[in-house]
Structures are given as structure tokens and as C-alpha cells.
Amino acid sequence: MQGPVDYPVPPPVEGVGGGGTGYGWSEIGTRSLNTTAGVIDVNKHPTSDLLHVWSMPSTATIGHQEHPRPLEQINLLAARNEKESAQIALRPKMSWSSGGFIGHVQIKCTDLCSNSGSKLETGKAITLRRVVPILGVPDALVPLELPSAQIGLLPGETLGLWLSIEVPATQPPGYYEGEISFLAIRAESEIEGADFYEGDKLEIKKEIQEIITRAKARGNNPQEGMQAITEELRHLMQSTLLTANRGEQGKMDIDEEYNTTLAVRLKFSLTVWDYVIPVTPTLPAVFGISETVIEDRFGLEHGSIDWYKSLDMHFQWLLHYRLSPYFCRWGDNMRVLAYTCPWPADHPKAEEYYSDPRLTAYAVPYLPVLNSSDAAKESLKRELEILRTKDHWKKAYIYLWDEPLSLEQYGHIHRMAEEIRSTAPDARVLTTYYCGPNDASVVPGSFEAFVKVPTYLRPHTQIFCTSEWVLGGREELVQSIVAELQPENKEEWWTYVCMGPSDPHPNWHLGMRGTQHRAVLWRVWKEGGTGFLYWGANCYEKALTPSTEIRFRRGLPPGDGVLYYPGEVFTPGSTVPVASVRLERLLSGMQDFEYLQLYSSIFGRLAGLALLEKTGMYYGPERYTHEHATVESMRSEVFRACRAPL
């Protein structure tokens, strides 16, 4: 008899909250139980003997050492035009593989079907993604192919899967049921040997040829070219194509041999109700995308055809998350060139962008911010003259300066705004700030100086966008901020988060609790802001190749400024971004915002505020639920109170 095998357990991640049990040090590893000499024959053992499978909510953090729970059906509630998610955890009980992986699992997912014959198709409306750790924290969501996919499990680790269901706006309401099954299998390479398949050889040859091509493109800079070659070859050596145990890329037992009698079967259901989440989000949420990060990582020349294609892909992809993207390039002293559409206003693409009903706000580029030539000023004037004649002009804003700190910088904003308003008097200028000018007559750094900022920026700013960090836990300070504004002059109050506020306040830093991520938008709704800004969704450290390992920027909390990752980092050849868990929770928060808006539109805002407290979901930035059941309680209450009578 083979004795039990202990596998090493990773140490805890220091400084990470997470709200789960998955990061504490554990002395319990995965053991090969009831094993005999040789490898277990998976065709003779139910998968339930080999593998733990259980479900968890989307706000849970599933760490590598997450302990198994009973298998229970997944039951979800969603409006039409809403995306709902849940998680599935897999943890091996024993080894059934002879390689570095402890075993392989084949996953099959059915469509969701209703009794009336309606359905939500797997692979389209239903998606499944593998949760990949970043700095030890589960965050990147790497797509799996459905209806059938294979994954490899590692010794002593719990693997998380992210299940999402997107309900079309036209989907008939009703109760839908489906099933996901998990079957322990052996990789074909364990049976036939570990020789390369012909497809693998072609793939490696293609990868090497692409490395040579990209290096030649950097011929004018030999040092940069050598760095690119080094990075690419390192990535190729670490890829699944050149490892002995290729896991998900390896060929598995054919689908025809899938034995449903041995599989673990997980039922999942979705109740679709008659409410339709508005196509146009109620809250303008503008999110930055760094054009320079895209140019550097993908080797794109500014203004080239491929540059336009890449920016367009990023715009369309992020728009899907109910966000209004803007591209940005930073100048000196926090000046910023922000624009939503890469094409000029007289280009057909511009009308397509600005008229998209999913876009709630768009940034008009102030080109002289980086180049004060006469040509740049003339281009700005032409943009404004064209755009202000359009119906979508009400969506427009101009973002000139990020967090000005002195009266001199305020003066620059004044001069730029005057130039803009000489052509477009009704233009909206947005300014972000977290403090008052440090050389003003009031005490620098005081709350009084912060509150009085509108008196320094008026009439050259219409959207006053303040940091949530300033408020701390004192929600009552909102009244002081709003009291300084002049809504009769179309002044608005927006908010933003960045490196602050920190725990326990809501933010999107890596390692915060799931409800903490989702609560960012709960806070916006309760405080009454009319817009929201986030400085960057792809602002990781500079890299020169698409597949370079992601590194967060020095001096910032992990995750700050990064809500999605390049697909090439996880899947060679992929050009589609990989969402983070935090981005998905952001989307859930935006949808919660619409639920609260619906409830308040029927019963009044005071009733909506009372609902937050009655369910215990959100009291303030330091008091909000850590439990997913509380979130479902709020959503279920809206469903019961607002659904159409049968």
C-alpha cells in the first residue's frame, strides 16, 4: 500500500483581507486516500470519491486553502438585461494522475431551459471562467470553452470557477433550469506518452516566428528588441506547450466516453423577472483607459490602423460593463488629455460612439493640453462646433486637470476653460480634487479649504468631482459639499476612488472583501452623487510585449488602476482582455444601483434609503454587510415589491 502523501500548503498572503478562509495557514494538505500501487482507474470510481464540488456566491473569496462545503443547487435571480454570477469550487480528495497535476476534470454545461421552451444558451448567455490568482489573490477570470471544457487540478489547492449568466433584454420572464457536470478523467498523454503532438509543434513554430517578427519591428532600438526577445522566450518556456504536464492544453479522453453516471452533477436555476435594466445606465460612470499602456505593450504606433482597432476593441469591451470609457494620456503636473472617441467629430465613427445608448457620458479632447500649437487650438474649435449641434452634446464633458494643488494650477484651468467656452459656452468642464489649493488664504489641508474649492473654480468648472477619501466615515459631510454647489447653474457633484479610501471603506483594491468591492456603488447611490469617475482600468507597469507578466505600479495599493488584464498573459495568441473579479463585482454594483433606483421611483427615495437599512446591506462607508445573503435580501425585496402582477 502507498502511504499518504502530504503536499505543501502555501503561506498566507500578508496584508490581504479577502473575507474568506482561504488565506490562513493550514496544516491540512491533500492526501492520496485509499490508493494502491499505480494510478486510480477513473472509469471505476464515482467522481464524488475523488473530488469535492460546491458552490459559493460571487462576493466570496475562494482561496487555495478554502475548505469544502456541502454541494447545493445554485439559485439565481436576475432582471432582463442583467448579468448574474456565482462561483463553483473544486478541491481534489486524492490523486488520480501520474503527472504534476493531481488530476484532470471534464466539465459539461447544459443550456438553461424553461417549461415554456425558452432557453439561455451555454457558451453565449452562459459562460464559465477559471479564477486565476494575482499576487496570491483570486482575481483574473480566464475563459473556458463551453459546452465542454477540461481543467487540471494542482495538489493541495482549491480551484475556483466563475459562472455568469447574461440575460438579454428580450428574454421571456420565467424559471430556467440547467446542469453542470464534473467528471474525473485522465489526460491522454498519460496513456500514450508525453510526446509532442503535431499541432503542438506547429504552435511552437508559430510562436517563435511571431517573436522574431516583433523583434525586427523594434530594429531601431537593439536594446529594446533584445528585451522583447528575452521576455517572449521566457513566456514561451513557461507556457503549457513546453511543460511536461500540459494540463488544460493537453488532449483528454474524447467526449463520447463521458460517463454521466460517474460525474458530479450540479443543478443551477435562474428566475428571470419582467423588469428590464435600462440600456442607458442611470449613473454616468466614466473610466479611464491608458493609451500609452496599450501602445507600449502591443507595440502600436500612435494613429496607425492597428492602433485604432485596438482602442476600438477596448472601448467596446469595457462599454459592456455599463461603463463610459475614456482614453487618457498624462501630461506634466497632472494635466490630462482625455477623449472617448479616437476619431475626430466629423468622422462617421464619432457619431457611432457618441450616439451609443450605453454611453452615458463622453470626454471631448482638449488637444492643446499637450500641444498648444495653433493647429491644435483650431482642431479643438472645430470639434466643439460640430459636437454642440448634436443631440448627444448633453453627454459631453471636458476633463482638463487631475487633482490641482495650487492657485497657479487653478489659473491654468481657468484659461483653458475660457478658451473652450468662447466656442461652446454650455460646455461642461470636470475637475477632480481631494483638497483645496495649498496656497489659499484658508488653512491648507483643512476641510474648509476643500469645501470652498467651488469658489475658486467657478465658473470654469461645472462638474466638481471629489475623492471619497476626504469624507472618511463621516457621511454627514456630504451636506457641506453639496451646499456649496449651484445646481441652478448646472453644477454637479461627482465622486471618485483611487489609492484611497482604504480598508474598511469600499474600493476596488486587490484583496478587499467581495461586498466591499460591490459597495462602492451602494455608497454613490446613498450619498446622492450624480456621476462617478475612476482614473484607470489598465494602468499597470510599462511592458513591451503583450504576454509580459502583469505588475502593479509601485507606490499604489495592489489593484488600484487595474480592473482587467491582457488576454495574452494567460492564453497565447488571445487578443481579448481578461476581466478581474473586481470588475465583475463593479458591474454587480452598477446593477444594484438600478434596483435601488427602480424601488425609489415607485416608493420614494426615503423608502429606498430605508430598504438599505432594513436589509442591513449598507449603513455607511464603515458599516455594510459582509454577507452575500443580505445583498440577495435587498434584491429579492425589490423583485417582490416591483414585479408586474401575475
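Summary of computed values
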{"read-out": "Heavy-atom accessible area order for Glu491, Glu541, largest first, 1.4 Å probe", "value": "Glu541, Glu491"}
{"read-out": "Over 26 Å (Cα to Cα) - which of Lys394/Lys614; Lys44/Lys119; Lys83/Lys542; Lys83/Lys267 fall in this group", "value": "Lys394/Lys614; Lys44/Lys119; Lys83/Lys542"}
{"read-out": "C-alpha center-to-center spacing [segment 362-388, segment 421-484] in angstrom", "value": "25 Å"}
{"read-out": "Amide H within-cut-off set for Leu77, under 5 Å, with H built and near neighbours excluded", "value": "Thr271"}
{"read-out": "Share, in percent, of DSSP beta bridges within segment 285-579 that are antiparallel, nearest 5", "value": "25 percent"}
{"read-out": "For Thr461, distant residues with modelled amide H under 5 Å away", "value": "none"}
{"read-out": "Accessible area (Å², 1.4 Å probe, nearest 10) - Lys526", "value": "40 Å²"}
{"read-out": "Charge tally in the Cβ shell below 11 Å around Lys542, where Lys, Arg are +1 and Asp, Glu are -1, Lys542 excluded", "value": "0"}
{"read-out": "Burial ranking of peptide ranges 125-131, 405-411, 382-388 (average Cβ count within 10 Å, highest at the top)", "value": "125-131, 382-388, 405-411"}
{"read-out": "Derived scalar couplings ³J(HN,Hα) [segment 358-367; Karplus, 6.51 cos²θ - 1.76 cosθ + 1.60; whole Hz; x for Gly, Pro]", "value": "6, 8, 9, 7, 9, 8, 8, x, 9, 4"}
{"read-out": "Glu121 accessible area, assembled protein chains, probe 1.4 Å, Å²", "value": "80 Å²"}
{"read-out": "In Å², nearest 10: area of Lys93 left accessible to a 1.4 Å probe", "value": "60 Å²"}
{"read-out": "Neighbourhood net charge (11 Å Cβ-Cβ; Lys/Arg +1, Asp/Glu -1) for Gly500", "value": "-3"}
{"read-out": "log10 of Debye I(q)/I(0), alpha-carbon scatterers only, for segment 500-646 at 0.14, 0.15, 0.19 Å⁻¹", "value": "-0.73, -0.80, -1.09"}
{"read-out": "Distant-in-sequence amide H partners of Thr122 (H built 1.01 Å from N, under 5 Å)", "value": "Asp111, Leu112"}
{"read-out": "Rounded to the nearest 20 debye, dipole of segment 285-579 from Cβ charges on Lys, Arg, Asp, Glu", "value": "440 debye"}
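The values are calculated or read from the model by the stated rules, or taken from the named source; none is laboratory data. Being a predicted model, the structure only gives us computed values, none of them experimental. Every residue, glycine as well, gets a Cβ built from its backbone with ideal geometry; the counts of neighbours run over all protein chains shown. Note: accessible area is taken over every heavy atom of the protein model, side chains too, but ligands, DNA and RNA are not part of it. Shrake-Rupley method; radii C 1.70, N 1.55, O 1.52, S 1.80 Å.
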